[in-house]
Amino acid sequence: MLAAIIAFSPVILFAADEKPTAVVNWIHAAEKSDQLKVDFYDPNMPPKAYPGWTDFELSLTYKFRHQTRWRLGKGNVYAVTIHPTFTAVKPAVKHVVQLPNTINQSHWEDSILGRHELDHVAIGSHPRLLMLTSHLVKNLKSVNRKADQVADVTNEWAQAAITAEIDLRRLAIQQLITANNVNLDLITRHGGETVPDREAFFDRLFLKENLDELKFLYLGESHKLLETDEYRQAKSLFHQQD
C-alpha cells in the first residue's frame, strides 16, 4: 500500500535468463490466479502521488460450528460465551501494483521501480503471514458478549459476534503488513536505495522480534506458532534477489 518515491528509471537489474526461477514462476502463477495484478498508467495522468504504488487486500474464507452458553448476570443481563470450532480457514493476500506504461511491460520486475514494488509484494506474500493469520483464526476459542434476553441469542447473532472477532484479527495482520512496508520504505529511502541486508530483512519478517517491535496485539496468542520450526524456517521467495 506504499509507494516508491523515486524518479522512474528503466534500468535493468538482471537479464531475464538470470532471474531466480522460483521468483519468475511465482510471479507468473500469481498473475494467473489474480493474486497479483499489474496496472500500467499514462505518466501524464498518474493515479497516485508517486510513480510506483502497491495496494494489498487480505481476504479470509472460513467455516466453523459453534456452541453457545449463557448465564443471568447482574442487572438481569445475560453473559453469553460462544465457543467456535473452525473446520476450514484459508487466508489470501492480493496485490495490485501500479507502474507507468513507459516501463518494459513484459519485464516490469527487472526495473528499479518494479523491483521495489515487488519487495512490497514480498512482504504481503511471506508464507509466515498466511500461517500467522490461520493460527489466529483457529486460536479463537471463545467470544464473550452480553444480551438483554435469551431470545436475542440466535445463531445469526452468535455468528456475527464470531465474525467481528475475526475481523479484529484481520485488521491486526493488515497493520503488520503496513508497518513492515513503512520500514521497507524507510531503509530504502522509498526505493531510492537497495535493501541494506536483504536476507536479514526478509528473514526477520513476522518473527517474534518483529511482532514485538511493532506491538502486535495478538503476540500472546501467537507464541506457540512462533516457536515452531516450520514457522521460523519459512522463507520468502524474494529475499535473495540481489
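The values are calculated or read from the model by the stated rules, or taken from the named source; none is laboratory data. No experiment lies behind these values; they were computed from the predicted model shown. Cβ placement follows ideal geometry from the backbone for every residue including glycine, while neighbour counts extend to all protein chains displayed.
The lone criterion from (1) modelled with pLDDT of 95 or more; (2) surrounded by fewer than 20 Cβ atoms within 10 Å (Cβ to Cβ); (3) more than 30 Å from residue 66 (Cβ to Cβ); (4) in contact with a helix residue (DSSP H, G or I) (Cβ under 7 Å, 6 or more places away or on another chain) left unmet by residue 180 is number (2).
The residue list 208, 141, 215, 235 contains one member that is in contact (Cβ under 8 Å) with a residue 24 or more places away in the chain, out of contact with any Gly (no Cβ under 6 Å at 6 or more places or on another chain), farther than 27 Å from residue 24 by Cα and surrounded by fewer than 19 Cβ atoms within 10 Å (Cβ to Cβ), which is 141. Among residues of the stretch 49-67 being buried (at least 17 other Cβ atoms within 10 Å of the Cβ) and closer than 24 Å to residue 145 by Cβ, the one that is farthest from the chain's Cα centre (by Cα) is 64.
Is it the case that residue 193 is surrounded by fewer than 17 Cβ atoms within 10 Å (Cβ to Cβ) and over 21 Å from residue 53 (Cα atoms)? Lay out the reasoning, then the answer.
Working: surrounded by fewer than 17 Cβ atoms within 10 Å (Cβ to Cβ): yes; over 21 Å from residue 53 (Cα atoms): no.
When the stated conditions are applied, residue 193 does not pass them.
Cβ-Cβ distances below 7 Å connect no pair with a first residue in the stretch 30-41 that is in contact (Cβ under 8 Å) with a residue 12 or more places away in the chain and more than 9 Å from residue 96 (Cα to Cα), a second residue that is β-branched (Val, Ile, Thr) and in a helix (DSSP H, G or I), and a separation of six or more residues or different chains. Of the numbered conditions (1) within 20 Å of the chain's Cα centre (by Cα); (2) surrounded by 15 or more Cβ atoms within 10 Å (Cβ to Cβ); (3) modelled with pLDDT of 85 or more, residue 3 satisfies every one except a single condition; which is it? Just one mismatch for residue 3, condition (3). Applying a threshold of 6 Å to beta carbon distances and a minimum spacing of six or more residues, or different chains, the list of pairs starting in the stretch 86-110 at a residue that is at positive phi and ending at one that is part of a strand (DSSP E or B) and polar (S, T, N, Q) is empty. Selection within the stretch 187-215: residues that are in contact with a Phe, Trp or Tyr (Cβ under 9 Å, 6 or more places away or on another chain) and at pLDDT 90 or above. The member of this set that is nearest to residue 133 (Cα to Cα) is 206. Residues that are crowded, with 17+ Cβ neighbours inside 10 Å and among the hydroxyl-bearing types (Ser, Thr, Tyr) within the stretch 98-138 comprise 111, 125, 133, 134, listed in sequence order.
If a residue must be of a type in the set (Lys, Arg) and touching a residue at least 24 places away in the same chain (Cβ under 8 Å), how many such residues does the stretch 51-85 contain?
From the stretch 51-85, those of a type in the set (Lys, Arg) are 63, 65, 69, 71, 74; that's our starting set.
Applying the additional criterion that residues be touching a residue at least 24 places away in the same chain (Cβ under 8 Å) yields 63.
Residues meeting the conditions: 1.
Is it fair to say residue 172 is closer than 25 Å to residue 85 by Cβ and more than 12 Å from the chain's Cα centre (by Cα)? Walk me through how you get there before you give the answer.
Values: closer than 25 Å to residue 85 by Cβ: yes; more than 12 Å from the chain's Cα centre (by Cα): no.
It is false that residue 172 is closer than 25 Å to residue 85 by Cβ and more than 12 Å from the chain's Cα centre (by Cα).
Report, by residue number, each residue of the stretch 96-132 that is in contact with a Ser or Thr (Cβ under 6 Å, 6 or more places away or on another chain), closer than 26 Å to residue 61 by Cβ and not in a helix (DSSP H, G or I). 97, 126, listed by residue number. Please work out if residue 169 is over 30 Å from residue 52 (Cα atoms), of a type in the set (Lys, Arg) and modelled with pLDDT of 95 or more. So residue 169 does not fit the description; no.
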